[in-house]
Amino acid sequence: MKIYHLYNGMLSPDDLYEISEKLQCGAVMVHPTDTCYGLACDIRNQEAVNAIYAIKQRSFSKPLSALISSLDMAFDYGVLSDRAIDLAVHAWPGRLTLVVPKKENLENCFVGTQKSIGLRVPACATTRQIVSAVHSPLATTSVNNTGQPEVYNESDAIAFAQTHADQIDICIVSGDLFPRPVSRIVGVSEESAWIIRK
């Protein structure tokens, strides 16, 4: 497990390349976000997604969502109604996850359910930078065991990664994060929108 540090809020080009290569090969990553420290991997790698469930002791009945780099990327994975597009335009980048119908015949996407997927463009520039370098969304959840508090301190993020060093390959840190609530999750259809998590 390798620890990477941000400088002026960004990764160096060499570190970004190394991290993106590792993620594309199935690595699992601890990283800062615009909310808490997150746990992520390439959504195209089923073994990496399964590792996140094992690390979190999380039920497979609770789908992971996907971090994307832009609204344009959302159209590659979800079917966005006019209502969903309007919400995305006003809230992205930011703390809003939109659960929308999953695009049909979508191969190598091991997040969401058979019919839906949660998508979010984070306000964290580093995360968007990594997504762009990987050329794929990142399966995402918070750094913690299911039911435990989220992690905002750098030392706790490193400790979590070290505890699971046999399954976590990358740990990116940027100091202690300002404690912000995790993302709001909103389901959206053509006809309506509803809050799944405030």
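The values are calculated or read from the model by the stated rules, or taken from the named source; none is laboratory data. Since we're looking at a predicted model, the values are computed, not measured. Cβ sites come from the backbone with ideal geometry, for glycine too, and all protein chains shown count toward neighbours.
Laid out as a table, the results:
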quantity: Matching residues in segment 188-198 - criterion: being assigned to a loop (DSSP other than H, G, I, E, B) and of a type outside the set (S, T, N, Q); calculated: E190, E191, K198
quantity: Condition check for P137: buried (at least 20 other Cβ atoms within 10 Å of the Cβ) and touching a Cys at 6+ places or on another chain (Cβ under 9 Å); calculated: yes
quantity: Among (1) farther than 30 Å from S12 by Cβ; (2) over 16 Å from the mean Cα position of the chain (by Cα); (3) at pLDDT 95 or above, the one test that L98 misses; calculated: (2)
quantity: Residues (among the aromatic types (F, W, Y) and not in a loop (DSSP other than H, G, I, E, B)) located in segment 138-187; calculated: F160
quantity: Segment 1-49, residues that are within 25 Å of S155 (Cβ to Cβ), among the polar types (S, T, N, Q) and surrounded by fewer than 20 Cβ atoms within 10 Å (Cβ to Cβ); calculated: N8, S12
